[in-house]
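Here, each number is a calculation from the coordinates, and none is a lab measurement. Bear in mind the structure is a predicted one, so any value in this text is a computation, not a measurement. Because the Cβ atoms are built from the backbone with ideal geometry, glycine has one as well, and the counts that use them run over all protein chains shown.
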Amino acid sequence: MLTRRAVLCAGGAGIVTSLAGCGEATDMTSYEKAVRRLREPLPGHAGLADCVRYATLAASGHNTQPWRFALGVRTVEILPDVARRTPVVDPDDHHLWASLGCAAENFLIAARAVSLHGDVRVDTEDERRLILALERGPAGTDDLFEAVPRRQCTRSDYDGRPVAAADLKSMEEAARVDGVRIVYLLDKPRIATALDHVVAGNTAQMEDPAFVEELKHWLRFNEGSALETRDGLYSASSGNPTLPDWLASMLFPLVFRTSSENDKYARQIRSSSGIAVFVSAKDDREHWVKAGRAYQRFALKATALGIAQAFVNQPVEVAALRSGFAQWLGLEAGERPDLVVRFGHAPPLPMSLRRPVDAVVI
Ligand SMILES: Cc1cc2nc3c(=O)[nH]c(=O)nc-3n(C[C@H](O)[C@H](O)[C@H](O)COP(=O)(O)O)c2cc1C
């Protein structure tokens, strides 16, 4: 296994060189500069550390970034960072493993650009890590690769325009992962019923003080807080105003109410073109990882096509509601609805941050 320092030196040189060349606009805030540096394109002579940086640009529940990377010569392991679990919203660690799947997919897409091809398997011995076995091959990039630094969950109202059938097909094809399928909800009555499930789930979560407390722990109300931890949910990235921490603590209980949150989800879903539900054939860690990989590929393809997307996972997060949702979708016995994603058209919101590579390589 390479040491962490050796890998960072090799990969870091590329980042420093490319930054020196690009120059930074002086009127950018520290937050914007950090985003720009984090989301630099891979340098020409990228190393594994650069692939890790691309991997960390993946989605993760509450932006917890619950991953650690062990870099070897021909294998890379992605391990869960259990200190970053969210036991209230995700008691079975489903989202944690799906998030590792998202990161693994980004890693493989970046690795291909530097002539390393591989696949992901969940360690079947103790099921506590993902193993990416890499082999040399021709360098390859595609529109998914180009989209990695630009993908985001756009948590705003969309403009109501439909997504073309050809684009839906491309997104579904890009997301093809064995053992996972997409159920599209496209007509108004189906979308309206899905909204009922989201509202039921959201109501249950908002009325659970432990859920609200856990969520609050991951909220970052201003640039300073977001920059300090480089994780969590930054207000502006969720389309909300930024506030000093003292004011946010005062206002949060007054404005974060069940009825206003439900109204927000109603607006967001009604203004979306449709909803994609990611369904896996089996309810186990291997398939949770696969669902994450499929989502990541779907979202990258959507980004490449100029289509916005964001999760509305409440119906699959609240365990008591999940089976009713599965039944309404008409799923087969044993299938699990993993992730619920709305999509449509909207301008991007400010991008979110990630922790630096040296904080996640072990
Ligand atoms: C498994 C998983 C579950 C998620 N659940 C939700 C959710 O229910 N609601 C939501 O708004 N975002 C959800 N997210 C999105 C994350 O909050 C988002 O990826 C993170 O804040 C980083 O932002 P970005 O994806 O825009 O880079 C989820 C992401 C993952 C991978």
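Quick notes on this one:
- With 10 Å bins from 0: P(r) over the chain, alpha-carbon pairs, percent: 5, 25, 35, 25, 9, 1
- Modelled spin-label separation between ALA133 and MET250, with each label point placed 7 Å from Cα along the Cα-to-Cβ direction: 6.0 nm.
- Comparing ALA111, ALA294, ALA210 in a Gaussian network model of the chain where C-alpha atoms under 10 Å apart are linked, the largest mean-square fluctuation is found at ALA210.
- Residues THR242, THR193 arranged by fewest to most Cβ contacts within 10 Å: THR193, THR242
- Among the helices of the chain, those built from whole DSSP H runs whose Cα atoms reach 20 Å or more along their own axis and whose mean Kyte-Doolittle hydropathy is at least -0.5 are 4-22, 94-113, 188-206.
- Sorted by Cβ neighbour density within 10 Å, fewest at the top, the residues ARG257, ARG112: ARG257, ARG112
- Kirkwood analysis of the Cα pair distances in the stretch 184-313 returns a hydrodynamic radius of 16.9 Å.
- Computed with the Debye formula from one identical point scatterer per Cα of the stretch 143-199, without solvent, the log10 of I(q)/I(0) at q = 0.25, 0.30 Å⁻¹ comes to -1.33, -1.23.
- Positive-pole candidate from LEU116, THR64, VAL35, dipole of the stretch 4-151, charges at beta carbon: VAL35
- Lys/Arg +1, Asp/Glu -1 at C-beta; the chain dipole; positive extreme among PRO91, ILE275, ALA226: ALA226
- Built from the Cα atoms of the stretch 290-362, the convex hull projects on average onto 7.5 nm², one quarter of its surface area.
- Rounded to the nearest 20, the Cβ-based charge dipole of the chain about its Cα centre (Lys and Arg +1, Asp and Glu -1) stands at 640 debye.
- Electrostatic dipole magnitude of the stretch 165-344 [Cβ: Lys, Arg +1; Asp, Glu -1; Cα centre; debye, to 20]: 540 debye
- Where the alpha-carbon atoms of the stretch 35-99 are placed on the principal axes, they occupy 42, 30, 16 Å, in descending order.
- Entry note, the stretch 68-116: relative contact order of 23 percent, from Cα contacts under 8 Å with a spacing of 6+ residues.
- Relative contact order of the chain, taken over Cα pairs closer than 8 Å and 6 or more residues apart, is 24 percent.
- Selected from GLY324, GLY306, GLY44 as most flexible by GNM, with the chain as the system and alpha-carbon contacts under 10 Å: GLY44
- For the chain, the residue among SER259, ALA291, TRP328 whose Cα projects farthest onto the positive side of the dipole built from Cβ charges is ALA291.
- Helical content of the chain, expressed as a calculated mean residue ellipticity at 222 nm, amounts to -14500 deg cm²/dmol (DSSP H runs of 4 or more residues, -39,500 (n - 2.57) each, divided by residue number, nearest 500).
- Here the convex hull built on the C-alpha positions of the stretch 4-151 has a volume of 129 cubic angstrom per residue.
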